[in-house]
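Notes follow once the structure below has been shown.
The values are calculated or read from the model by the stated rules, or taken from the named source; none is laboratory data. Just so we're clear, the structure is a prediction, and the values are computed from it rather than from any experiment. Glycine also receives a Cβ, built like all others from the backbone with ideal geometry; neighbour counts cover every protein chain displayed. Protein only, heavy atoms only, side chains kept; ligands, DNA and RNA dropped before computing areas. Shrake-Rupley method; radii C 1.70, N 1.55, O 1.52, S 1.80 Å.
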Amino acid sequence: MGIPTELRDALVNRSKSIMIQSPSEQQKILNSKNCVQEGVRAGTKAAAIACVASAVPTLVAVRVFPWAKSNLNYTAQALIISAASIAAYFITADKTILECARRNSRAEYEKTV
């Protein structure tokens with residue numbers, strides 16, 4: 001069981017194509033990699049901020065309010081904090097990547113006109 005050697009070799013050698021990329025295609029690939037990297041960086045910053053912004057009120061609420069003290073165990077607290085962080089990461093990364101792609105396509109359009 002596993003991946004047959006022919007299929008594995010085809011998947012590994014897929015990037016080694018006979019076709020040579022044009023400089024414009026190489027620039028598009030470089031721009032897309034930069035957009036993804038920029039999105040990851042912005043998403044990480046947003047997740048860190050959201051983590052602190054959700055952890056402080058959650059932990060204070062568990063110490064102060066009797067309802068939260070009796071109903072929010074450690075798992076619930078972690079779920080609240082991690083859900084906020086994950087949502088902030090993906091929303092921010094998505095918006096950043098789309099904005100960067102829009103900026104690149106606009107620049108590409110202005111270059112042709």
Self-check item: Virtual spin-label span in nm between Lys95 and Glu6, 7 Å along Cα→Cβ
Solution: 5.0
Quiz item: What net charge do the residues around Gly39 carry, taking every other residue with its C-beta under 15 Å from that of Gly39, with Lys and Arg at +1 and Asp and Glu at -1?
Solution: +3
Quiz item: Under the definition of Cα pairs under 8 Å and six or more residues apart, what whole-number percent is the relative contact order of the chain?
Solution: 36
Practice problem: Using a cut-off of under 11 Å, list every residue of segment 20-56 whose amide N is near the label point 7 Å from the Cα of Glu108 along the Cα-to-beta-carbon line. | Solution: 24-32
Quiz item: Just how far, in whole angstrom, is segment 57-73 from segment 94-112 if you go by their alpha carbon centroids?
Solution: 45
Quiz prompt | Residue-normalised accessible area of the chain, given per residue in Å² at a 1.4 Å probe | solution = 80
Quiz item: What angle do you read, to the nearest 10 degrees and between 0 and 90, between the alpha-carbon axis of helix 23-64 and the longest principal axis of the chain?
Solution: 0
Quiz item: Can you give the alpha-carbon Rg of the chain over 2.2 N^0.38 Å, where N counts its residues?
Solution: 1.71
Quiz prompt | Where no second cysteine Cβ lies under 4.7 Å, the cysteines concerned in the chain | solution = Cys51
Quiz item: Between Ser32, Ser24, Ser54, which gets the highest mean-square fluctuation from a Gaussian network model of the chain, Cα cutoff 10 Å?
Solution: Ser24
Quiz item: Leaving out ligands, DNA and RNA, what percent of the accessible area of segment 35-112 is carbon and sulfur, probe 1.4 Å?
Solution: 69
